[in-house]
Structure formats: C-alpha cells, structure tokens
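To start, the structure under review is shown below, and the notes come after it.
The values are calculated or read from the model by the stated rules, or taken from the named source; none is laboratory data. Quick caveat: nothing in here was measured; it's all calculated off a predicted structure. Here Cβ is always computed from backbone atoms with ideal geometry, including for glycine, and neighbour counts include all displayed protein chains.
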Amino acid sequence: MMEVSFIQELPTGLSIALNEQVWKILVDDTAPLLVIQTRNGEAYQTSFTAVDIHQNQALWQNFTLEESWWLGMAELHAGVLLLYTYPDTQKPQSQGIIAIDVATQQILWQTQKANFYQITQGQVLTISFEQSTKVYQLLDLKTGEVLEQFREFESLDVLKNENNKAIFPFHYYNEMAYFQTVAIFLKKKFNLQIVQAVDYLEYENFIIISYFHQSTQGLANNLLVLNHQNQVLLHQNIAQQLTGIGLDTFFVFEKQVFFVKHKTHLMSLKL
C-alpha cells in the first residue's frame with residue numbers, strides 16, 4: 001500500500017478564472033467549443049463565457065442579456081447557444097427559447113411559444129401545448145423557421161437525439177456495490193478513505209476518479225487520474241468545505257479531462 005500525495009504529471013490544457021461560481025457547462029458536439037454559465041446569487045446576475053478548446057482560450061467572457069437572471073442553458077450545437085427563460089418568476093417553470101450565435105454574440109431568433117426538447121437532425125425539436133394537446137415542431141437552428149410539425153410522439157421515432165461528444169463519469173452512491181469496489185481499491189492501493197459518493201470513468205488508458213472525503217476542514221472533493229498500471233498521473237483537491245456532494249464533477253471532451261476547481265476556476269488536463 002502506498003500513500004498518494006498531490007501530484008500533476010498531465011500537461012495543462014485550459015485554465016480560465018471566472019468572476020462568479022460556475023453553474024453549468026455545455027459542449028458543442030460539432031466543434032471544439034464550450035460555453036460556461038456562471039451565477040451571482042447576491043447580484044441576481046447570470047453570465048456566459050465561450051471557450052475555444054483547440055486554442056485553450058476564451059472567445060469572450062461575462063456576456064449578459066437584458067434579462068440577466070431568469071435564464072438557463074438548454075443546448076449548444078453548431079455554434080448556436082440555446083437558452084430558456086422563466087417568464088413567470090413566481091413559477092420555476094422554463095418557457096421559450098433564445099438562440100444566440102456564439103461567433104457574433106447576436107440573437108438569431110427567439111420564441112415564447114415553445115420549449116426546447118432536443119437537437120434532432122441538426123435542427124431544434126420543440127414541444128408546446130394547444131388545448132392540453134402536445135405539439136412538436138422541428139425548427140431551423142439558425143432562423144427558427146418551422147420545418148415540420150407533429151402531434152403524435154410516435155411520429156418522432158425516426159428522429160434520434162444526436163450524441164454529445166462529452167463523456168461523463170458513472171456516479172456511485174455509498175450504498176451501491178460499485179462504490180464499495182472503488183472504495184476498497186483506493187483504500188488498499190493508496191490508503192484513501194472515501195465517503196458518500198464517487199465519480200468513476202475509464203477512458204482509453206486512463207482511470208479517472210473524483211472522490212469525496214472528510215478533511216480537517218470538512219467534506220472535500222479530490223480528483224485522481226491513473227493509468228492502467230495504477231501509476232498516479234494526477235491527484236489534487238478541487239473543492240473543500242462542501243455542504244454536500246456534486247454530480248458530474250468532471251467530464252472528458254476533445255481528449256482532455258475538464259473540471260471546476262474551487263467553484264470559479266475551469267481547468268482541463270490533456271490525456
């Protein structure tokens with residue numbers, strides 16, 4: 001058994017310090033592009049940052065709309081960011097779509113009549129209700145023009161949701177058998193005592209583990225990357241003094257592992 005200290009043997013890819021807490025990240029399944037949503041709960045403001053993965057730099061940062069709080073990210077596809085809104089702030093129910101061209105930061109089109117459902121065949125599939133009947137429409141991604149309309153869900157069988165290129169880990173809670181398997185491995189191999197949950201992914205020649213443990217400052221989250229010979233390539237703390245566990249604490253995209261460090265710092269390491 002070996003003690004594992006903090007170490008980084010993987011080359012750094014992206015490193016972007018953001019002004020506010022990272023809320024959500026979307027990746028484009030057609031291009032080396034991602035968009036980050038950050039939120040400031042005290043100022044009631046949400047903003048967006050676009051990143052070119054190949055250049056490992058931000059295209060723009062802290063982009064906001066006139067409505068700067070009641071917004072969320074639905075999808076990012078072919079350089080178009082799709083947002084949803086909350087028109088009734090008394091009800092936590094999203095409605096409408098705003099399509100933004102990432103290259104120009106311009107609004108391409110918007111609608112309050114339909115909700116985002118998924119990206120299908122490179123276009124936007126929406127859902128709305130007419131007299132309690134579901135109506136599905138296929139909209140042009142760039143213009144919002146209605147291309148087709150469906151009333152029966154069976155009509156959509158041939159319209160498959162396109163796979164996203166981002167790879168997310170399996171999330172195991174402590175009552176699950178796989179959690180116990182990972183916990184025993186980390187204890188025997190590295191004398192690590194994990195608690196509550198673990199994110200686990202095998203990618204090519206790498207094993208990536210995000211685990212939670214009790215530190216002197218409370219609940220903490222560390223990221224560990226091994227090769228299949230169990231050689232430690234990365235071990236570092238990414239969050240501490242947590243009040244609870246998170247989901248999808250890392251993901252793999254464009255042969256890099258991405259993670260948020262201490263809530264406001266997006267980083268990637270090349271695999």
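Some notes on this structure:
- Pairing each residue of segment 195-213 that is farther than 15 Å from Gln180 by Cβ with any residue that is acidic (Asp, Glu) and assigned to a strand (DSSP E or B), provided the two are 6+ apart or on different chains, yields C-beta distances under 9 Å for Ile208/Asp199; Ile208/Glu202; Ser210/Asp199.
- Qualifying residue in segment 97-115 (condition: among the basic types (Lys, Arg) and closer than 30 Å to Val252 by Cβ): no
- One residue from Ala220, Ala197 being among the hydrophobic types (A, V, I, L, M, F, W, C) and over 14 Å from Pro169 (Cα atoms): Ala220
- For segment 173-195, the set of residues classified as aromatic (Phe, Trp, Tyr) and assigned to a helix (DSSP H, G or I) consists of Tyr178, Phe179, Phe185, Phe190, listed by residue number.
- Evaluation of Thr181 against the conditions (1) within 22 Å of Leu34 (Cα to Cα); (2) at pLDDT 95 or above; (3) loosely packed, with under 15 Cβ neighbours inside 10 Å shows that the sole unmet condition is (1).
- Residues being more than 15 Å from Glu66 (Cα to Cα) and in contact with a strand residue (DSSP E or B) (Cβ under 9 Å, 6 or more places away or on another chain) - total across segment 96-107: 4
- Every pair of residues 6+ apart whose Cβ atoms lie under 8 Å, when the first sits in segment 26-49 and is free of Cβ contacts under 8 Å to residues at least 60 places away in the same chain while the second is acidic (Asp, Glu): Leu26/Glu75; Arg39/Glu20; Asn40/Glu20; Gln45/Glu20; Ser47/Glu20
- Set Leu223, Leu219: member being more than 21 Å from the chain's Cα centre (by Cα), aliphatic (A, V, I, L, M) and either in a strand (DSSP E or B) or not assigned by TED's automatic domain parsing to the domain that holds Glu75 (or both): Leu219
- Condition check for Lys113: farther than 20 Å from Phe258 by Cβ and either more than 16 Å from the chain's Cα centre (by Cα) or basic (Lys, Arg) (or both): yes
- Wholly within segment 5-95, strands (runs of 3 or more DSSP E) carrying at least 1 residues that are crowded, with 16+ Cβ neighbours inside 10 Å and of a type in the set (Asp, Glu): 71-77
- Looking only at segment 71-120, residues that are over 17 Å from Val146 (Cβ atoms) and among the aromatic types (Phe, Trp, Tyr) come to 2 in all.
- Complete set of residues in segment 73-100 that are under 19 Å from the mean Cα position of the chain (by Cα) and without any contact (Cβ under 8 Å) to a residue 24 or more places away in the chain: Leu83, Ser94, Ile100
- Restricting segment 118-129 to residues that are more than 17 Å from the chain's Cα centre (by Cα) and buried (at least 19 other Cβ atoms within 10 Å of the Cβ) leaves a set whose member that is farthest from Leu71 (Cα to Cα) is Gln123.
- Filter pass, Ala220 being under 18 Å from Ser268 (Cα atoms), touching a strand residue (DSSP E or B) at 6+ places or on another chain (Cβ under 6 Å) and small (Gly, Ala, Ser): no
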